[in-house]
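Presented below is the structure to which this report refers.
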There are 2 protein chains.
Amino acid sequence: MALNEDLQLQALRLLQADPARSQRDLAKALGISVGRTNYCLRALLDRGWIKIQNFRNSRNKRAYLYLLTPQGIDAKARIAARFLQRKEAEYAALQAEIARLRAEVKADAET
Amino acid sequence: MALNEDLQLQALRLLQADPARSQRDLAKALGISVGRTNYCLRALLDRGWIKIQNFRNSRNKRAYLYLLTPQGIDAKARIAARFLQRKEAEYAALQAEIARLRAEVKADAET
DNA sequence: CTGTGTGCGTTCACTGTGTGAACGTAGGGT
DNA sequence: ACCCTACGTTCACACAGTGAACGCACACAG
């Protein structure tokens, strides 16, 4: 994950889709370690973007829910929009780079 | 620089364009520290992709040239081609991601 | 009512990577 | 003879990320 913000966005996405994920699950889905996942969740909590709720799951076992707060939903939308913008810029840049690369590869081949 | 290989490609590019660059210059152009640049150049040297040559520059001052060897030129072409392939894949992926993001941002806005 | 197993969040010693200030060297300028 | 500058090189340090280990809570079996 390039930026920390990207990581948080992914986390918010995953939690919005399924708040009952365990940190280990989340870690696997995010492609990072449990330690970092825990750290990331704590950051989301500190910002008030998620709240942690105990509940009993289907088998009456204690479990956690990581629920997005209204602020979390807002933040997610805001970050996603900025993320999109950045990706669009990357897209344009990549297009240019590919053109340049094609020329370079062609030039290399001709030598 | 994502992969180490990317860094080496950029270095080869810059050196091919101007073999008389100093390591500090190179570091700045690559966006990394002098230490890492030195390490990177050593790696290129070990692989036989560049050779280091002393010479006197215009003001009769001792200076270094980092010249691509024939193997270096080959390697650069090979890496560039692979790099292009990867970028094309990224381009396609990015396109898909942007579509998904647009939908997500739209959905967020409607809530 | 006790183990025992399982899955949870949490911690932290460790690792690996990158940094850039500091160093030795060599030449130019005064 | 002396500084000054620019070079490549080094290495103590910082920092982020890892994942094995831990304590805890609960379900379940004996």
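The values are calculated or read from the model by the stated rules, or taken from the named source; none is laboratory data. Computed from a predicted model, the values in this text were never measured in an experiment. Because the Cβ atoms are built from the backbone with ideal geometry, glycine has one as well, and the counts that use them run over all protein chains shown. With ligands, DNA and RNA removed, areas are computed over all heavy atoms of the protein, side chains included. Shrake-Rupley method; radii C 1.70, N 1.55, O 1.52, S 1.80 Å.
Total Å² of accessible surface buried at the A-B contact, 1.4 Å probe, nearest 100? Approximately 2100 Å², summed over both chains. Across chain A, the relative contact order, built from alpha-carbon pairs under 8 Å that are at least six residues apart, equals 23 percent.
Label-point spacing for A:Gly48 across the identical copies (point 7 Å from Cα in the Cβ direction), in nm and ascending order: 6.5. The longest part of chain A holding none of the exposed loop trypsin sites (Lys or Arg not before Pro), meaning those outside H, G, I, E and B in DSSP with at most 14 other Cβ atoms within 10 Å, is A:62-111. For A:Arg21, the residues whose amide H sits under 5 Å from its own are A:Tyr66, ignoring neighbours fewer than 5 places away on the same chain, with H placed 1.01 Å from N.
Normalised per residue, the accessible area of the protein assembly as shown is 61 Å², obtained with a 1.4 Å probe and no contribution from ligands, DNA or RNA.
Placing a label point 7 Å from the Cα of A:Glu110 along the Cα-to-Cβ direction, the distances to the matching points in the other copies come to 5.1 nm, shortest first.
How far, in nm to one decimal, is B:Leu67 from itself in the other copies if the label point is set 7 angstrom along Cα toward Cβ? Shortest first, please. Computed spacing set for this position: 7.2 nm.
Rounded to the nearest whole Hz, the Karplus-based 3J(HN,Hα) values (6.51 cos²θ - 1.76 cosθ + 1.60, θ = phi - 60°) of region B:104-110 follow the sequence 5, 4, 5, 4, 4, 5, 7, with x at glycine and proline. The accessible-area ordering, largest first, of the residues B:Leu67, B:Leu9 stands as B:Leu67, B:Leu9, per a 1.4 angstrom probe. Computed in the context of the full set of protein chains, the accessible area of chain A at 1.4 Å probe radius has 51% of its extent on carbon or sulfur. Near the amide H of B:Arg47, within less than 5 Å, lie no amide hydrogens of residues on another chain or at least 5 residues away, with H placed in the peptide plane.
The eigenvalues of the Cα gyration tensor, multiplied by 5 and square-rooted, give chain A an equivalent ellipsoid with semi-axes of 39, 16, 11 Å from largest to smallest.
Chain B has one residue whose beta-carbon comes closest to the axis relating it to chain A; that residue and its distance in whole Å are B:Leu94, 3.
Pairs to check: A:Lys76/B:Lys28; A:Lys28/B:Lys76; A:Lys106/B:Lys61; A:Lys51/B:Lys87; A:Lys106/B:Lys51. Give those whose C-alpha atoms are more than 29 Å from each other in this structure.
Among A:Lys76/B:Lys28; A:Lys28/B:Lys76; A:Lys106/B:Lys61; A:Lys51/B:Lys87; A:Lys106/B:Lys51, the Cα-Cα distance tops 29 Å for A:Lys76/B:Lys28; A:Lys28/B:Lys76; A:Lys106/B:Lys61; A:Lys51/B:Lys87.
Measure nothing fancy, just the Cα-based angle from helix A:34-46's long axis to the longest principal axis of chain A, in degrees from 0 to 90, nearest 10. Tilt of helix A:34-46: around 70 degrees. Of the residues in region B:61-93, those shielded by at least 50 Å² of accessible area once partner protein chains are present, compared with the chain alone at a 1.4 Å probe, are B:Leu84, B:Lys87, B:Tyr91. Between helix A:4-17 and chain A there is an angle of about 50 degrees, using the helix long axis and the longest principal axis of the Cα atoms.
Between region B:1-21 and region B:35-99, the C-alpha centres lie 3 angstrom from each other. Put simply, the C-alpha atoms of the protein assembly as shown give a gyration tensor, and the ellipsoid matching it has half-axes of 47, 20, 16 Å, longest first.
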